[in-house]
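Structure first, then comments.
The values are calculated or read from the model by the stated rules, or taken from the named source; none is laboratory data. Small disclaimer: the values here were computed from a predicted structure and weren't measured. Neighbour counts run over all protein chains shown; Cβ positions are idealised from the backbone, glycine included.
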Amino acid sequence: MNRRNFLKQSLAGTAGMLAFNSKNAFAKTGDKAVKCKIRTLTAGPKHHFFGYYGICPWNKSEKYVLSLESDFVDHFPGRDEPAAIGIVETESGKFEKVTETRAWNLQQGAMLHWNPLDDNEIIYNDRKDNKIISVIMNIQSGKKRALPAAINGLSHNGKYALSLSYGRLGRLRKTVGYQGLEDPTADSPHPDNDGVFVMDMLTGKRKLAVSILDFYKLIKDKHTELKERHLWCNHTVFNKSDTRFFFLGRSSERGGLQTGMFTANRDGSQLREVIPYGSRVSHFDWRNNREIIATFRHGSRYSHYLFTDGKGNYKALGDGFLDFDGHCSFAPNQKWLVTDRKRGLNQSLIIFNVETKQGQTLTTLDMKLRRNISGDLRCDFHPRWNRAGDSICFDAIDRKTGARQIHIAYLDFP
């Protein structure tokens, strides 16, 4: 069922379609609420989810949504526990398997993408000879082309990928790593041969853009405690023109994360620390080529902050409405922000207009079990916009079956 037909259809008695009360929780006088209807797209008994946020799961025609399918979500997937990769028909909700992967986790999935260069192709991470690779697959012909390294972020033009070493991630940040891999730099706290790589998606050639040692040198004078502490890179995203990227530089201290955000040109030049290490920066997106939204602590306040790359002009959004950590990303029009929030066993889907200052809770769902809301096996909403900016895809627990399923929020703006 496409968006237009869904919005026209009455919700009464329609399977898989849910209506929730939306709260215009922070709106200026005269603002009208955004109308929202929510559909559970996939069905059990198996679990279906996309994975991470800020990546569009729809193809260009919006006929299909990419999804993983798994028999379990109660433990980390081992190297011999594949997940099915498939396309979900948005009209019917039917899942069709096209391949499978042995490189996936419950937070980021297999870093699924539609190929911007060919709408019949998908890109995902997989495992070959116990090394993590990426694969470009034509879903019509079944033809595959393997690339020698994993993708962690993909450029908007489809020409470049940002790549990380999943052996180091698996050792130091298990929740977003892949199991059963060796870390070739395990003896080095800040190696000069590991970090953020840039891979040419046409040739497969990969070059180290920013090493862990590079960003360590930027912060070592202020953070002498890091001299022997093992650091790693995480969460890489290109800006809208694919000229710069950001990443998180992290370490673990007494089980907690210490993090800073860094930006660099695609070739690694002009490396900057844009959010100070130790600010608990967590989630993020580029609004455009220069502005970044991120959740972190600035002074005594933890909130969603908008700022300019390299300027430090942090502006908290929402006048208290957004003072929490959430998976935030901008709609294509750069006006509306979507994020999610956890309270107890509940998780909420929230949107905010940075121009009108209108904020709204679209829905709040009961996640049923503590393991679904916290810990390494949790089911975060991880909201993602469609290309038109009028629908949001998110992963949540189906209230009828308790299985992890893909949901879609269809929005009708005033």
Exercise for the section: With the checklist (1) at pLDDT 95 or above; (2) on the phi > 0 side of the Ramachandran plot in hand, flag the one item G30 doesn't pass. Expected result: (1)
Completion exercise
Of the residues in segment 161-184, those that are crowded, with 20+ Cβ neighbours inside 10 Å and more than 22 Å from A110 (Cβ to Cβ) number 0
Fill in the blank from the handout: When R341 is run through (1) part of a strand (DSSP E or B); (2) under 19 Å from N105 (Cβ atoms); (3) charged (D, E, K, R), the failure sits at (2)
Practice task
Just give me the residues in segment 295-306 being touching an Asp or Glu at 6+ places or on another chain (Cβ under 7 Å) and either among the hydroxyl-bearing types (S, T, Y) or buried (at least 17 other Cβ atoms within 10 Å of the Cβ) (or both), in sequence order.
Solution key: T295, Y302, S303, L306
Handout entry: Residue satisfying all of: in segment 209-241; part of a helix (DSSP H, G or I) and of a type in the set (F, W, Y); farthest from N157 (Cα to Cα) among these
Key = Y216
Completion exercise
Taking segment 251-275 and keeping only residues that are more than 16 Å from N313 (Cα to Cα), crowded, with 19+ Cβ neighbours inside 10 Å and among the hydroxyl-bearing types (S, T, Y), one is left with S251, T259
Exercise for the section: Taking the residues in segment 77-99 that are out of contact with any strand residue (DSSP E or B) (no Cβ under 7 Å at 6 or more places or on another chain) and touching a residue at least 40 places away in the same chain (Cβ under 8 Å) as candidates, determine which candidate is surrounded by the most Cβ atoms within 10 Å (Cβ to Cβ). Expected result: G93
Handout entry: Of all residues in segment 112-132 being more than 18 Å from the chain's Cα centre (by Cα) and among the polar types (S, T, N, Q), the one that is modelled with the highest pLDDT
Key = N120
Handout entry: Residue that is farthest from L257 (Cα to Cα) [pool: residues in segment 209-231 that are crowded, with 22+ Cβ neighbours inside 10 Å and out of contact with any Asp or Glu (no Cβ under 8 Å at 6 or more places or on another chain)]
Key = V210
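Residues checked against (1) in contact with a Gly (Cβ under 9 Å, 6 or more places away or on another chain); (2) modelled with pLDDT of 95 or more; (3) aromatic (F, W, Y):
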| site | (1), (2), (3) |
| --- | --- |
| K311 | no, yes, no |
| K315 | no, yes, no |
| C328 | yes, yes, no |
| R341 | yes, yes, no |
| I351 | yes, yes, no |
| R370 | no, no, no |
| G375 | no, no, no |
| P383 | yes, yes, no |
| A396 | no, yes, no |
Completion exercise
Filter segment 100-122 for residues that are of a type outside the set (S, T, N, Q), touching a residue at least 40 places away in the same chain (Cβ under 8 Å) and outside any loop (DSSP other than H, G, I, E, B); the one that is nearest to I139 (Cα to Cα) is I122
Fill in the blank from the handout: When segment 183-227 is checked residue by residue, the ones that are under 23 Å from R79 (Cβ atoms) and either touching a helix residue (DSSP H, G or I) at 6+ places or on another chain (Cβ under 7 Å) or at pLDDT below 95 (or both) are D183, P184, T185, A186, D194
Practice task
Determine whether segment 132-141 contains at least one residue that is part of a loop (DSSP other than H, G, I, E, B) and closer than 27 Å to V237 by Cβ.
Solution key: yes
Practice task
Just give me the residues in segment 155-208 being of a type in the set (F, W, Y) and either within 21 Å of E228 (Cα to Cα) or not in a loop (DSSP other than H, G, I, E, B) (or both), in sequence order.
Solution key: Y160, Y166, F197
Completion exercise
Selection from segment 133-182 of residues touching a Gly at 6+ places or on another chain (Cβ under 6 Å), hydroxyl-bearing (S, T, Y) and either modelled with pLDDT under 95 or closer than 15 Å to M201 by Cβ (or both) yields none
Handout entry: Tabulated pairs, segment 276-291, first under 13 Å from Q258 (Cα atoms), second among the basic types (K, R), C-beta under 8 angstrom, 6+ apart or interchain
Key = Y277/K222; S279/R297; R280/R297
